[in-house]
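*Asks:* If you scroll down you'll find the structure; I have some questions about it.
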Amino acid sequence: MLLRPRAAFLRRFVRWVALGVPVVGAQLALLTLLHQGLAWPLWLASAAAAEAGLLTRFLTTDRWVFGHPRPTLRRGARFHGAAAGAFVVSWLVLNGAVAGVGVPYVAAALLGTGAAFGWSALTTFLWVWRAPPRP
């Protein structure tokens, strides 16, 4: 009986990660397009790409990982709030690595994504889509 909740959690976590990989790729492609192709400043291009990835991630995760038939504003707001912390972590690492250490922005974007991963995992599973408390 104790294994069922753990197995369900593990399935959800694996799906969450599997959905995140293509979103990260698309986000990096959008960042490249905005920054290199359209010459947007890095700070603006990284913010716009992150927001596009965030909205995509919420819609796919809400349905395919947690099984909700339709997204709600309440879950969307919680997800956005939780993601704000991950965004700050990612944005600071990306821009700090580029400006402070001279890391190429693509590598810095991947570092930022990795740093934000832990934050996102904790807030997503412990706050946004946590199981309701048992009576």
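Each reported figure results from applying straightforward, stated rules to the coordinates on display, with no laboratory input. Bear in mind that the values here come from a model prediction, so they are computed numbers and not experimental data. Cβ atoms come from the backbone with ideal geometry, glycine included; neighbour counts cover every protein chain shown.
*Asks:* Considering the options A50, Q36, A77, tell which one lies farthest towards the positive end of the dipole of the stretch 3-128, charges being +1 on Lys and Arg and -1 on Asp and Glu at the Cβ, about the Cα centre.
*Replies:* A77
*Asks:* Counting only helical runs of four or more DSSP H residues, what would the 222 nm mean residue ellipticity of the chain come to if each run contributes -39,500 (n - 2.57) and the total is spread over all its residues? Intermediate values should be presented prior to the final figure.
*Replies:* Details: 4 runs with 96 residues, N = 135.
Theoretical 222 nm ellipticity from helices: -25000 deg cm²/dmol.
*Asks:* Next question. Take the alpha carbon gyration tensor of the chain, find the square roots of its eigenvalues, order them as a ≥ b ≥ c, and report rounded if a/c is under 1.5; if not, report prolate when a/b exceeds b/c, else oblate. Mind showing how you got there, number by number?
*Replies:* On the way: a/c = 2.35, a/b = 2.01, b/c = 1.17.
Taking the square roots of the gyration eigenvalues as a ≥ b ≥ c, the chain is prolate.
*Asks:* Sticking with the crude label model, points 7 Å out along Cα→Cβ, report the distance from A107 to R70 in nm, one decimal please.
*Replies:* That separation, rounded to one decimal, is 4.8 nm.
*Asks:* Using the beta-carbon distance between R6 and A77 and R0 = 35 Å, what value does 1/(1 + (r/R0)^6) give for FRET efficiency, to the nearest 0.05?
*Replies:* On the way: r = 29 Å, r/R0 = 0.83.
E between R6 and A77, to the nearest 0.05, is 0.75.
*Asks:* So which DSSP H runs in the chain come out at 30 Å plus along the axis (Cα) with average Kyte-Doolittle of at least -0.5? Please list the in-between numbers first.
*Replies:* Details: long enough: 3-32 (43 Å, 0.89); 42-64 (32 Å, 0.50); 73-96 (33 Å, 0.63).
TM-like helix candidates: 3-32, 42-64, 73-96.
*Asks:* May I ask you to derive the relative contact order of the chain, considering only C-alpha pairs under 8 Å and at least 6 residues apart, and to give it as an integer percent? List each step's numbers first, then the result.
*Replies:* Details: 101 pairs, mean separation 28.3, N = 135.
Relative contact order, the chain: 21 percent.
*Asks:* For the chain, set up a GNM with springs between Cα atoms under 10 Å and report which of P22, P69, P104 has the largest fluctuation.
*Replies:* P69
*Asks:* For the stretch 48-135, state which trypsin sites (Lys or Arg not before Pro) are in a DSSP loop and have at most 14 other beta carbons lying within 10 Å of their beta carbon.
*Replies:* On the way: sites: R57, R63, R74, R75, R78, R130; in loops: R130.
Those that pass, being in a loop and sparsely packed, are R130.
*Asks:* Gaussian network model of the chain, Cα springs within a sub-10 Å range: biggest mean-square fluctuation belongs to which of L38, L110, L28?
*Replies:* L38
*Asks:* Still on this structure, I have one more. Going 7 Å from the Cα of A115 along its beta-carbon direction, which residues of the stretch 47-89 have the amide nitrogen within less than 16 Å of the resulting point?
*Replies:* 47, 50, 84-89
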